[in-house]
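As structure tokens, the structure follows; a few thoughts come after it.
Just so it is clear, none of the values below were taken in a lab; they were calculated from the coordinates. Model, not experiment: these values are computed from the prediction. Glycine also receives a Cβ, built like all others from the backbone with ideal geometry; neighbour counts cover every protein chain displayed.
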Protein chains: 2
Amino acid sequence: MRWTTKDLASLERRYRGNLINSIGGYKSLHLLGTMSPQGNHNLATFSSYFHIGADPALCGIVIRPAENAENTFGNILNTKHYTLNHVLPSFYEKAHQCSAKYPAGVSEFEAVALTPQFINEIKAPFVGESRIKMACEFVQKTDIVLNDTTIVIGRIIYLEAPDDCLMEDGSIDLNAAETVTCSGLDTYHVARLLGKLPYAKIVK
Amino acid sequence: MRWTTKDLASLERRYRGNLINSIGGYKSLHLLGTMSPQGNHNLATFSSYFHIGADPALCGIVIRPAENAENTFGNILNTKHYTLNHVLPSFYEKAHQCSAKYPAGVSEFEAVALTPQFINEIKAPFVGESRIKMACEFVQKTDIVLNDTTIVIGRIIYLEAPDDCLMEDGSIDLNAAETVTCSGLDTYHVARLLGKLPYAKIVK
């Protein structure tokens with residue numbers, strides 16, 4: 001099947017959403033934890049994480065800001081901190097449930113029965129059940145006026161991974177960590193290694 | 001293992017690169033095709049694709065601009081077009097080889113033996129061997145001054161996917177398409193379905 005710009009514009013809204021959201025390929029899946037100034041916990045499903053650089057360690061996410069300040073975006077701007085937690089097959093259904101539109105002030109941790117965990121001075125809750133955990137400090141945001149979304153860039157200030165998933169060269173073995181990947185808005189997968197290749201050089 | 005900001009700063013450069021690049025989770029993998037004003041073809045390995053929205057259909061990639069204008073970034077700014085092509089297990093080693101630093105003017109298509117393909121009026125080559133193909137028109141760019149990278153946002157103007165991978169709701173079955181996902185800078189995977197879940201609603 002082929003679609004041009006005109007074809008895409010004529011598609012039914014949900015059909016187009018499913019198509020565009022899934023055709024980009026497998027995505028990183030994270031549970032993003034924040035805390036409001038009132039101390040309420042928030043946990044949201046994110047699949048827009050992207051790597052920006054390793055030194056300084058920077059990453060991005062795409063957020064659709066809402067009016068109420070007590071949500072992921074408002075909490076990040078208030079506390080400057082957020083956590084990113086990998087999802088395991090044992091709780092991917094709970095992770096999906098965190099994408100439901102709970103009212104402000106309701107803790108998704110409580111609603112889906114996941115455990116908030118606090119580490120060091122980080123002002124956002126981690127997911128206790130996750131094996132790979134990251135925390136970020138807000139750096140900058142860029143508004144995408146074309147569709148009212150915002151790219152939030154953060155600096156990685158904390159990382160945690162199981163010792164048995166850390167390889168000699170610093171790489172994380174995501175297969176061993178049982179990290180879940182997702183596609184579209186509702187589909188979850190695990191992965192199997194094809195190969196880890198040597199640094200690509202020009203063959204003379 | 002746990003790393004704080006201070007720990008990350010003290011890591012050996014390549015070790016830190018491998019760690020930060022892989023700990024974010026599985027990434028979308030694309031071969032990005034462009035053409036120079038001179039008509040030279042360029043094909044580059046990208047793992048920073050992220051979804052921004054479906055209406056209009058927008059996506060982002062992260063680029064490290066180089067000085068020479070005849071590269072991915074220069075070509076996108078010149079022609080305004082680029083293609084994104086999924087990688088199959090049958091040619092993931094060729095896709096990795098496209099990350100080697102070939103001189104400007106050298107076609108990675110020729111160097112790794114992949115087939116440039118032109119469709120409609122799109123001024124960039126697709127990968128003939130790919131089953132899922134996308135083309136984008138340049139929309140805007142945002143410089144990340146902290147590490148000299150640039151986020152390039154494009155509007156999707158063409159999509160192609162095999163009929164047997166298109167589901168009733170518009171979703172693409174990436175397992176059936178045999179789309180390859182990657183982690184870090186050098187590791188490639190295929191995925192297996194855990195589950196496709198219904199829209200998450202609040203349980204009363």
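Mind scanning A:6/B:133; A:6/B:101; A:94/B:94 and naming the pairs with a C-alpha gap bigger than 27 Å? Let's see the in-between values first.
Numbers: A:6/B:133 17 Å; A:6/B:101 37 Å; A:94/B:94 38 Å.
Those over the limit are A:6/B:101; A:94/B:94.
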Item to check | Loop GluC sites (Glu not before Pro), the stretch A:1-72, which have at most 15 other Cβ atoms in a 10 Å radius of their Cβ (DSSP) | outcome: A:12, A:67
Item to check | By average C-beta atoms within 10 angstrom, highest first, the peptides B:78-85, B:27-34 | outcome: B:27-34, B:78-85
Checklist entry - Counting only other chains, what is the mean number of Cβ atoms within 10 angstrom of the Cβ of each residue in peptide B:2-12? => result 5
Item to check | Copies compared at residue B:164 - label distances in nm, ascending, label defined 7 Å from Cα in the Cβ direction | outcome: 3.8
Item to check | the stretch B:132-197-the stretch A:146-204 distance, computed between alpha-carbon centres (Å) | outcome: 15 Å
Checklist entry - To one decimal place, what orientation-averaged projected area in nm² is obtained for the convex hull of the Cα set of chain B? => result 15.0 nm²
Checklist entry - Of A:8, B:174, how do they rank once you tally other Cβ atoms within 10 Å and put the fewest first? => result A:8, B:174
Checklist entry - According to the Kirkwood expression over distinct Cα-Cα pairs, how big is the hydrodynamic radius of the stretch A:31-82, in Å? => result 11.8 Å
Checklist outcome for this item: Over chain B, the sum of -39500 (n - 2.57) across DSSP H runs of at least four, divided by residue number and rounded to 500 deg cm²/dmol, gives at 222 nm -4500 deg cm²/dmol
Checklist outcome for this item: Bounding extents of the stretch A:86-204 in its principal axis frame from Cα atoms, largest first in Å, are 60, 38, 34
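Give the dimensionless ratio obtained when the Cα radius of gyration of the stretch B:121-175 is divided by 2.2 N^0.38 Å. Could you put the intermediate results ahead of the total?
Numbers: Rg = 15.2 Å, N = 55, 2.2 N^0.38 = 10.1 Å.
Relative to the rule-of-thumb radius for its length, the stretch B:121-175 sits at 1.51.
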Next on the checklist: Using only the alpha-carbon atoms of the stretch B:20-132 as identical scatterers, what base-10 log of I(q)/I(0) does the Debye formula give at q = 0.11, 0.24 Å⁻¹?
Outcome noted: -0.34, -1.57
Checklist entry - So which GluC sites (Glu not before Pro) in the stretch B:90-157 end up in coil per DSSP with only 15 or fewer other C-beta atoms within 10 Å? => result B:121
Next on the checklist: How large are Rg and Dmax for the protein assembly as shown when calculated on the C-alpha trace, in angstrom?
Outcome noted: 20.2, 66
Item to check | For residue B:77, inter-copy label distances in nm, listed shortest first [label point 7 Å out on the Cα-Cβ vector] | outcome: 3.1
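Per residue of B:161-171, what is the mean number of Cβ atoms on other protein chains within 10 angstrom of that residue's Cβ? Can you show the working numbers first?
On the way: counts 6, 1, 1, 1, 3, 4, 5, 2, 10, 14, 12.
That average works out to 5.
Just need the relative contact order of chain B here, percent rounded to a whole number, with Cα pairs under 8 Å and 6+ apart.
Numbers: 374 pairs, mean separation 47.0, N = 204.
Relative CO of chain B lands at 23 percent.
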Next on the checklist: Below 14 Å, Cα to Cα, which aspartates and glutamates can residue A:201 reach? Residues fewer than 8 away in the same chain don't count.
Outcome noted: B:93, B:108, B:186
Item to check | Cβ-based exposure ranking for B:130, B:22, in which fewest neighbours within 10 Å come first | outcome: B:130, B:22
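Fewest Cβ neighbours within 10 Å first, please rank A:26, A:92, A:188, B:199 accordingly.
Sorted ascending by nearby Cβ count, the order is B:199, A:92, A:188, A:26.
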